[in-house]
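First up is the structure itself, then whatever we jot down about it.
The values are calculated or read from the model by the stated rules, or taken from the named source; none is laboratory data. What you see is a predicted model, and the numbers here were worked out from it, not measured in a lab. Cβ placement follows ideal geometry from the backbone for every residue including glycine, while neighbour counts extend to all protein chains displayed. In case anyone asks, the SASA skips ligands and DNA or RNA and just uses the protein heavy atoms, side chains included. Shrake-Rupley method; radii C 1.70, N 1.55, O 1.52, S 1.80 Å.
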Amino acid sequence: MIAGGLFGAVISGIYVDKTKRFEEVVKVSFAMAIVFAVGFMEVSRLRDQEALIAASICVFGMFGFALYPISLEMAVEITYPVAEATSSGLLVVSGQVQGIIMILVAQVLAQPLPATEMQYSRCVVGCGADAADGFTPQDWTDPIIFMLCYGTLAGVIGIIFLRGDYKRLKAEQKIMAGKILQSSTTVPT
């Protein structure tokens, strides 16, 4: 996931730097991350499909990680003249708070692994209700479905309602136009 994510972030960063299409890249990346997250959820339930699981999580990472730097840059563009550290910092903190909430909800929703599935668990001897350390393998189907529903809802809302007014980019263009106009009206002596 990290290797795919680094590749996706570099490619999307180069593309956005040249085209300034923050909004389009964020929307496409979010939509594709959702699609591949659902794909990962489905293939992770299959037995002996390590290569397929690795491929799906790699492609998910490629789109999911591409969102992070582009979203930070878009937040700075939209919230200008607010300081860059403030707008990107608020985005990071809100993401961390959401992550903490998702972890807590996932732990509440996780169920003990059914006895019929215990034979497929990679747990070492001594796991389960009689384990000395109290570890019980868990079924994470419900938490994953919850997180996918939450992510899909957030993605759909973002895709429909996200509209970027790139205030910083407009300010830079205005400054550059002023400098060009000033230099063309200056008469050499």
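Worth pointing out:
- Only a single item in (1) assigned to a helix (DSSP H, G or I); (2) without any contact (Cβ under 8 Å) to a residue 12 or more places away in the chain; (3) of a type in the set (D, E) is not met by D48, and it is number (1).
- Restricting E84, E77, E73 to those that are farther than 25 Å from A3 by Cβ, buried (at least 18 other Cβ atoms within 10 Å of the Cβ) and over 10 Å from the mean Cα position of the chain (by Cα) reduces the list to E77.
- Subset of the stretch 99-113 (residues that are in contact with a Pro (Cβ under 6 Å, 6 or more places away or on another chain) and either open to solvent by 80 Å² or more (accessible area, probe 1.4 Å) or assigned to a loop (DSSP other than H, G, I, E, B) (or both)): A110, L113
Residues are listed down the side, and each one gets a yes or a no for (1) in contact with a strand residue (DSSP E or B) (Cβ under 6 Å, 6 or more places away or on another chain); (2) of a type in the set (A, V, I, L, M, F, W, C); (3) closer than 30 Å to R168 by Cα; (4) in a loop (DSSP other than H, G, I, E, B):
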site: A37; (1), (2), (3), (4): no, yes, no, no
site: E42; (1), (2), (3), (4): no, no, no, no
site: L67; (1), (2), (3), (4): no, yes, yes, no
site: L72; (1), (2), (3), (4): no, yes, yes, no
site: V76; (1), (2), (3), (4): no, yes, yes, no
site: V82; (1), (2), (3), (4): no, yes, yes, yes
site: S87; (1), (2), (3), (4): no, no, yes, no
site: L90; (1), (2), (3), (4): no, yes, yes, no
site: V97; (1), (2), (3), (4): no, yes, yes, no
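- Check on L91, modelled with pLDDT under 90, within 30 Å of D17 (Cα to Cα) and touching a Leu at 6+ places or on another chain (Cβ under 7 Å): yes
Yes/no per residue for (1) at pLDDT below 85; (2) outside any helix (DSSP H, G or I); (3) of a type in the set (A, V, I, L, M, F, W, C); (4) more than 30 Å from E42 (Cβ to Cβ):
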{"position": "T116", "(1), (2), (3), (4)": "yes, no, no, no"}
{"position": "Y120", "(1), (2), (3), (4)": "yes, yes, no, no"}
{"position": "G128", "(1), (2), (3), (4)": "yes, yes, no, no"}
{"position": "A132", "(1), (2), (3), (4)": "yes, yes, yes, yes"}
{"position": "F146", "(1), (2), (3), (4)": "no, no, yes, no"}
{"position": "G151", "(1), (2), (3), (4)": "no, no, no, no"}
{"position": "I157", "(1), (2), (3), (4)": "no, no, yes, no"}
{"position": "L169", "(1), (2), (3), (4)": "yes, no, yes, yes"}
{"position": "K179", "(1), (2), (3), (4)": "yes, no, no, yes"}
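- Residue in the stretch 17-33 that is farther than 23 Å from D165 by Cα, part of a helix (DSSP H, G or I) and in contact with a helix residue (DSSP H, G or I) (Cβ under 6 Å, 6 or more places away or on another chain) present: yes
- Residues satisfying the stated conditions in the stretch 141-184, i.e. closer than 19 Å to V35 by Cα, among the aromatic types (F, W, Y) and open to solvent by 80 Å² or more (accessible area, probe 1.4 Å): Y150
- Tally, over the stretch 1-33, of residues that are under 14 Å from the mean Cα position of the chain (by Cα) and open to solvent by less than 30 Å² (accessible area, probe 1.4 Å): 9
- A55 touching a residue at least 12 places away in the same chain (Cβ under 8 Å) and over 21 Å from Y150 (Cα atoms): no
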